[in-house]
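Asks: Before we start, here is the structure in question, set down as structure tokens.
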Amino acid sequence: MELTLDYDAIVSRVRTTLVEAGSTFRADKQAAYRRAIAEESNPRGKWVLETILENALVAQRDHSPLCDDSGIPHLVLELGSDVALTGRALDAIRQGVQEGLRELPGRPMGIMGDDAQRIDQSGGLNPDSAGVEPSPILLRRCEENVARLHILMYGGGPAIRGKCYRVFHKHNVQVVLDQIVEWATEMVSQLGCSPCTLAIGVGRSHFEASAMALQAQVDGRYDVQSAFESEITARVNASDVGPLGLHGQTSVLATFMKVGPQRASGVRIVCVRPCCCFEPRIATVDLF
């Protein structure tokens, strides 16, 4: 099935979806904050949670950024078995992202110049919000016969504190979980913008583990947690970091974990991203 929507329709839908991703908490995340507020016994921690939720509701009402670090667009595109997208459709997605960054607006933080200038930042900032280039699109199969785009806005703090590294599993899953908890506890204490949502991917390579962590955020729900996810959340919460590091029961709202294919090896490659209190910033649209 060839994509039937015209170019302008795709641009419009992607633009609207990016603004939604950057300005909205999904319903299950709002409910998770309300549960955390009800259960948090530390008055300072409770105040932080209430303030974050109030900020999110105002951002949603005004279609404004949830955070000054408005994020880098990360795109996951799902295709049904009979769906074909042309290069022109991909161009429309790209244009929609650019227009969405201008409308949100995104913070102008794209670095200009050649390779060396972009690394050392000597090329200067692009004043256009659309100068923030999206990451490469991750493609995956969709059971429904649609073209479905997920847009996630990745902030800098979680990227600084995140980790993708090997774990010697010793043929024991608990060894891997223990290492994840150790990493995550340190990350959450250093990030500052807690409570976090932990995004975890386990793969055969650094690329695959990172891709699994990205997909975990697409598929994860705050009201549905696996045994692994519940254990990691509970153990990191026992660290008493709390909202904004002010102590309390709510260091982590939830854990989203995706385990990919594995190979016969002594190591597992694990990616952990301590998504900040506003992440995952995500919205989804069917392009047709």
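The values are calculated or read from the model by the stated rules, or taken from the named source; none is laboratory data. Quick caveat, the model's predicted, so the values are computed rather than measured. For neighbour counting, all protein chains shown are included, and Cβ atoms are generated from backbone atoms with ideal geometry for every residue, glycine included. These accessible areas exclude ligands, DNA and RNA; they are computed on the full protein's heavy atoms, side chains included. Shrake-Rupley method; radii C 1.70, N 1.55, O 1.52, S 1.80 Å.
Asks: Looking at (1) touching a Gly at 6+ places or on another chain (Cβ under 9 Å); (2) touching a residue at least 40 places away in the same chain (Cβ under 8 Å); (3) not in a loop (DSSP other than H, G, I, E, B); (4) not β-branched (Val, Ile, Thr), which one does Arg107 not meet, given that it meets all the others?
Replies: Tallying (1) touching a Gly at 6+ places or on another chain (Cβ under 9 Å); (2) touching a residue at least 40 places away in the same chain (Cβ under 8 Å); (3) not in a loop (DSSP other than H, G, I, E, B); (4) not β-branched (Val, Ile, Thr), Arg107 fails exactly one: (3).
Asks: Can you name the residue in region 216-247 that is at positive phi and assigned to a helix (DSSP H, G or I) and is also most open to solvent (accessible area, probe 1.4 Å) among such residues?
Replies: Leu244
Asks: When region 200-238 is examined, which residues are found to be aliphatic (A, V, I, L, M), in contact (Cβ under 8 Å) with a residue 12 or more places away in the chain and farther than 19 Å from Arg263 by Cβ?
Replies: To start, the set of residues in region 200-238 that are aliphatic (A, V, I, L, M) comprises 200, 202, 209, 211-214, 216, 218, 224, 227, 232, 234, 236, 238.
Of the ones still in play, those that are also in contact (Cβ under 8 Å) with a residue 12 or more places away in the chain are 200, 202, 209, 211-214, 216, 218, 232, 236.
Matches in region 200-238: Leu214, Ala216, Val218, Ile232, Val236.
Asks: Now a separate question. Are any of the residues in region 250-258 modelled with pLDDT of 95 or more, part of a loop (DSSP other than H, G, I, E, B), in contact with a Gly (Cβ under 8 Å, 6 or more places away or on another chain) and open to solvent by less than 20 Å² (accessible area, probe 1.4 Å)? Write out each step before concluding.
Replies: Filtering region 250-258 down to residues modelled with pLDDT of 95 or more leaves 250-258.
Still in the running and part of a loop (DSSP other than H, G, I, E, B): 250-251.
Those still in the list that are in contact with a Gly (Cβ under 8 Å, 6 or more places away or on another chain) too: 250-251.
Those left that are additionally open to solvent by less than 20 Å² (accessible area, probe 1.4 Å): 250-251.
The answer is yes; a qualifying residue exists.
Asks: From the list Arg161, Arg148, which one is under 30 Å from Ser189 (Cα atoms), surrounded by 15 or more Cβ atoms within 10 Å (Cβ to Cβ) and under 24 Å from the mean Cα position of the chain (by Cα)? Can you show your working first?
Replies: Values: Arg148 fails: under 30 Å from Ser189 (Cα atoms).
Checking each option against the conditions leaves just Arg161.
Asks: Within region 4-25, restricting attention to residues that are surrounded by fewer than 17 Cβ atoms within 10 Å (Cβ to Cβ) and not hydroxyl-bearing (Ser, Thr, Tyr), which residue is modelled with the lowest pLDDT?
Replies: Step by step, filter region 4-25, then rank; the result is Leu5.
Asks: Related question: With (1) open to solvent by less than 30 Å² (accessible area, probe 1.4 Å); (2) farther than 30 Å from Val241 by Cβ; (3) of a type outside the set (Gly, Ala, Ser); (4) not in a helix (DSSP H, G or I) as the list, and Pro73 as the residue in question, which single condition is left unmet?
Replies: (2)
Asks: Answer yes if at least one residue in region 45-55 is farther than 18 Å from Cys193 by Cβ, open to solvent by 10 Å² or more (accessible area, probe 1.4 Å) and of a type outside the set (Lys, Arg), and no otherwise.
Replies: Filtering region 45-55 for residues farther than 18 Å from Cys193 by Cβ gives none.
No - not one qualifying residue is present in region 45-55.
Asks: Filter region 32-70 down to the residues that are of a type in the set (S, T, N, Q), in contact (Cβ under 8 Å) with a residue 12 or more places away in the chain and assigned to a helix (DSSP H, G or I) and list them by number. Give the steps one after another, and end with the answer.
Replies: Pass one, region 32-70, residues of a type in the set (S, T, N, Q): 41-42, 51, 55, 60, 64, 70.
Right, trim to in contact (Cβ under 8 Å) with a residue 12 or more places away in the chain and you get 41-42, 60, 64, 70.
Matches in region 32-70: Gln60 only.
Asks: Step by step: first the residues of region 169-202, then only those that are small (Gly, Ala, Ser) and under 18 Å from the mean Cα position of the chain (by Cα), then the one that is surrounded by the fewest Cβ atoms within 10 Å (Cβ to Cβ). Which residue is that? Write out each step before concluding.
Replies: Start the filter on region 169-202 by keeping residues that are small (Gly, Ala, Ser), which leaves 184, 189, 192, 194, 199, 201.
Now narrow it down to the ones that are under 18 Å from the mean Cα position of the chain (by Cα): 184, 192, 194, 199, 201.
Details: Ala184: 27, Gly192: 13, Ser194: 29, Ala199: 29, Gly201: 26.
Per the criteria, the residue is Gly192.
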